[in-house]
Structure formats: C-alpha cells, structure tokens
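The values are calculated or read from the model by the stated rules, or taken from the named source; none is laboratory data. None of these values were measured; they are calculated from a predicted model. Every residue, glycine as well, gets a Cβ built from its backbone with ideal geometry; the counts of neighbours run over all protein chains shown. Keep in mind that these areas ignore ligands, DNA and RNA; they rest on the heavy atoms of the full protein, side chains included. Shrake-Rupley method; radii C 1.70, N 1.55, O 1.52, S 1.80 Å.
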Amino acid sequence: MDIEKHQGGKIMDCEKCKQEMVNLFDTNVDSMLQESILKHINQCSDCQKEYHNALEIISMLKPKLQPNAPFLLKQNIMNQLKMEDTEMKTQDPKVKKISPRFKKILMVAAIVTMAMVIIPIVNNNPNVFNGTARAANSLFENSIRATQLVKSMIVKLKVRTLANDNFSLIGANYEMVNHTIYKSFSNPDKWRVEKPGRVIVCDGENQFMHIVNVQEFYKAPSYHNMIEDFKGLLEPEKILIKEQYNFKKDGSTLSMKVTDGLVYLTVTDKAQGDFTNDYMLNTSIGESDNRREYVFDNDTKLLKELKIYLVEGKKETLIVSLESIEYNASIDPSLFVLDIPKGQECIDLAVVPKGEVFTNITSKKAAEILFNGLSKKDWSLVAPVLIHYESDGELSGDMKEKFGGLTLLQLGEPFKSGQYAGEFVPYEIRLKSGKIVRHNLALRNDNPNGVWLIDGGFSMD
Ligand SMILES: [Zn+2]
C-alpha cells in the first residue's frame, strides 16, 4: 500500500480522499461519494490513519453539535481547505506531501465548534475568560501556532501505580512510579511512553509494547489506544480545549483564571462508569472522583504543570505529578524503535480472534471451559481464549507448568464494573502446587467474531 502512494495516479486519489473525507460525517451527502471514499480508505493505510484521527475528533464533538452545526462544520473545513491550498502552492512541494493537513483542519473545526459550547461555562463562572469571542479566537490561533512551534517534547511524571501493570492503573496505596514520555511531532507522530516494567513505542505506523517482567511483546496499529489515560498527554496543545469541551455539568466543576501569563485550569470530575459493583472504582483516573490542576502558558496554551488528585470523601491523594515538561528537546531517534529480540514472539492485537468454542456463550461458561481445559491439560482447547497471552496457539512451558492439572473449586456470577468493556468472573482454583488462587477473571468479547478473550485476572507471576 505504501508503494501505491508513490505512483503518480494515486497521489490525486489520496489528496481527494482527504479533502472529501469530511463527507463521511455528513448525513446529507450522496451515498455514492461516501462509498468511493470508504473504498479508498479501506485500501490505503495512509488515509485510514487520517480517518481514525478524524473519527476521534468528530466523536468528541458530535454529542454537543447544534442541529445546524454539521453544515457549519463542513463550511469551516472547506474554507480552511481552500486557504491551505493557496498557502501550499507557495511552498516547497515536499512540504505539501508531508503536511498533516486533515488533522489540523479538524482541530480548527473543533475549536470553531467549541466557540458555541463555551458560552454557558463563561456565563456561569466569573473566573473563566470574559469575552467569549476573543477567548475562542485566541485559543484557535494559539493552538494552531502551538502545533507548529512544537517539534518534540520530553515529559517526566510520577504516577501512583504498579510498575508492570497497565498504564491507566492507579491506586491511593501504590508507590509513586517514574514515567517518561518522548514525543516527536513529526508526520506521522512518533512517541515512547515508559515506566520500569512497561514500554510502549509508536514508530508512526505501529505501536509496540514490551512487558518487562514476563518478557512479552505486543503489536497494534497506531490508532489503537495502548497507553490509555496517557493518550491526552501526548497532545499537550489540545488539553485546554478538550477539558473545556468535555466538561460535564453534573457534579463536575471547572475554573480558570489567567495571571502573569499563565492559565490556571482546575477540573473536578466524578467517577465515570457502572459502579453497581465497585470492583473497578478508584483504579483509574476516569473511574475515580478526581481533581486535575493544570497550568498552561497563556501565549502558546501549552501545558506547563499538572497535578491529579484522587478524591475519596475528604481524603485526597496525589496520584499524578508532572515533574518536568521540556518542549523542542532533542531526542535520540532510536527511542522510537522497540528492540524485539530475534525469534521473540510478538502478539498482534489487530488480528481478528477466532474460536468457536468461546462464542455464543456466557462469560461464566467461557471461564469454565478455560479452567476445565487447563485441568485436563487440553492446550489446544484453551489457546483461543488466551491469545492475549499466547498468540501462536501454543501455550508456553511456564504457563503449562503453572496451570496444567489445576482444580476448579468455584466460579462466581459475572459482573460488570467501571468502564471495562467486558465482564469479571470471580474464581477460586487450586494449582498443582497446592496453592489456592482467588481472583476475578476479566473477559471481553467486543471483537468482530464475538470470541471471549481473557485480558486480566490471570497472571503468570
Ligand atoms: Zn489514500
């Protein structure tokens, strides 16, 4: 697909695709045009990336759009396109090829649309900018400028988490763990997020994750979200806009003041998700009552400081502390490549899972099949539900050794909690070694084939 892009005829297709892509988000466009755009997107990895980027921003905007806004949005995008076309012609033709045009245009659209929603906040809160138009305008200009000014950044953070668990995991009782984010605002963007037990690298096309303690490697396309809550920090030029745009009135508060060239923004939020069962409560920033304190540079609107507190009643715990953020620092390009040892298996998360045995059943039944299979050492039976652990259909010796011949003692009723897309199944097993393990198996079937897959609560440690 990459080769196609370099052929003369295909360049126009990509250009046209990116220009017309906006029509996919409009209901009043003829389906023939939409079809031909989709057809191109399906065949072109480059345009696919643009499309996912557009989807992300559009999905952020959509719920709050006014009835006539799609038209307005489109007009703004079209005007911006014309403007850019004129600009581009005066530049080096190489610049045109690498310009992240659509991304920038959607940013513009996002900010223009935001001018409509920012009004109620301004009216209700005397601390927020006065002069909506001026504020929106300045956000618009500065955010665009910021994306052009910033070529790279290095962020150092401390997060209360476990060094070798998911990036979004937090907990009031965990120790502070050092994190470093490296980002190159090139086209495509490249970045690296690391803590002692886990590293994720995006080389622009794919993301690679290394889980250090179990020496496992994972791969996914760049638009997958492997770093979870840290995603926002990769785009420090959008935080100020996103926080205001995503502001929810129920139980949340937002205050902003500008002093001495700095913008102080404080947002308090209630835990988001289903907490009928509170298993996941306070395990991630989104799934906890929290307060986020930001400081931005008022000229560039770039992030300078950040502290996030977990709020449990009257008790507050600092869970994220930004230690330093350095823009336009020089970064060794080798940091954007993950060294995968030769012969090392790398699990591809984009592969559509197959496994009829684990489809059209309850999560509890899937757990039962898994444990009975491990009990009988029927490795090929259990392999499909474990593809996030072992992707080639062959379980590792360690896993066979630990779980083979176990005894299933008890399975509880499945429950949902927080923002987890799947279900949790409580279990109690006795390993061959005699050790009793009690935990909640995390299973999800939100994949095209509806296959139950285990992605937590089952550990080789
Ligand atoms: Zn294309």
Rg to Rh for the stretch 251-316: what is it, with Cα atoms only and Rh by Kirkwood? 1.09
Note down the nm distance, to one decimal, between modelled labels 7 Å out along Cα→Cβ at residue 312 and at residue 151. 4.6
Cross-link table 158/435; 190/307; 364/435; 195/364, entries beyond 32 Å C-alpha to C-alpha: 158/435; 195/364
Hey, rough spin-label estimate for residue 211 and residue 401, points 7 angstrom out along Cα→Cβ, what's it come to in nanometres? 1.8
Using every Cα-Cα pair within the stretch 152-336, state what percent have a distance larger than 29 Å. 22
Check which residues have an amide H placed less than 5 Å from residue 304's amide H, if you skip close sequence neighbours. 295, 296, 297
List the residues, sorted by chain then number, that are 5 or more residues from residue 168 or on another chain and whose placed amide H is less than 5 Å from its amide H. 229
Probe 1.4 Å, accessible area per residue of the stretch 345-461, Å²: 48
Quick one: which residues, 5+ away or cross-chain, put their amide H under 5 Å from the amide H of residue 312? H built at 1.01 Å from N. 317
What ³J(HN,Hα) values, in whole Hz, does the Karplus curve 6.51 cos²θ - 1.76 cosθ + 1.60 give for the stretch 177-185 when θ = phi - 60°, with x put for Gly and Pro? 10, 6, 10, 10, 10, 10, 9, 10, 7
Taking the simple approach of a point 7 Å from Cα along Cα-to-Cβ for both residue 39 and residue 324, what is their distance in nm? 5.5
Counting only Cα, what are the radius of gyration and maximum Cα-Cα distance Dmax of the stretch 231-347, in Å? 17.9, 56
Given a Förster radius of 30 Å and the C-beta distance between residue 410 and residue 224 as r, what FRET efficiency does 1/(1 + (r/R0)^6) yield to the nearest 0.05? 0.30
Work out the charge dipole of the stretch 353-456 with +1 on the Cβ of Lys and Arg and -1 on the Cβ of Asp and Glu about the Cα centre, then indicate which of 395, 445, 405 is farthest towards its positive end. 405
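Given the alpha-carbon gyration tensor of the stretch 345-446, what are the semi-axes of its equivalent ellipsoid in whole angstrom, ordered largest first, with each equal to the square root of 5 times an eigenvalue?
20, 19, 12
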Residue 356-residue 433 FRET efficiency (beta carbon distance; Förster radius 30 Å; 0.05 resolution): 0.40
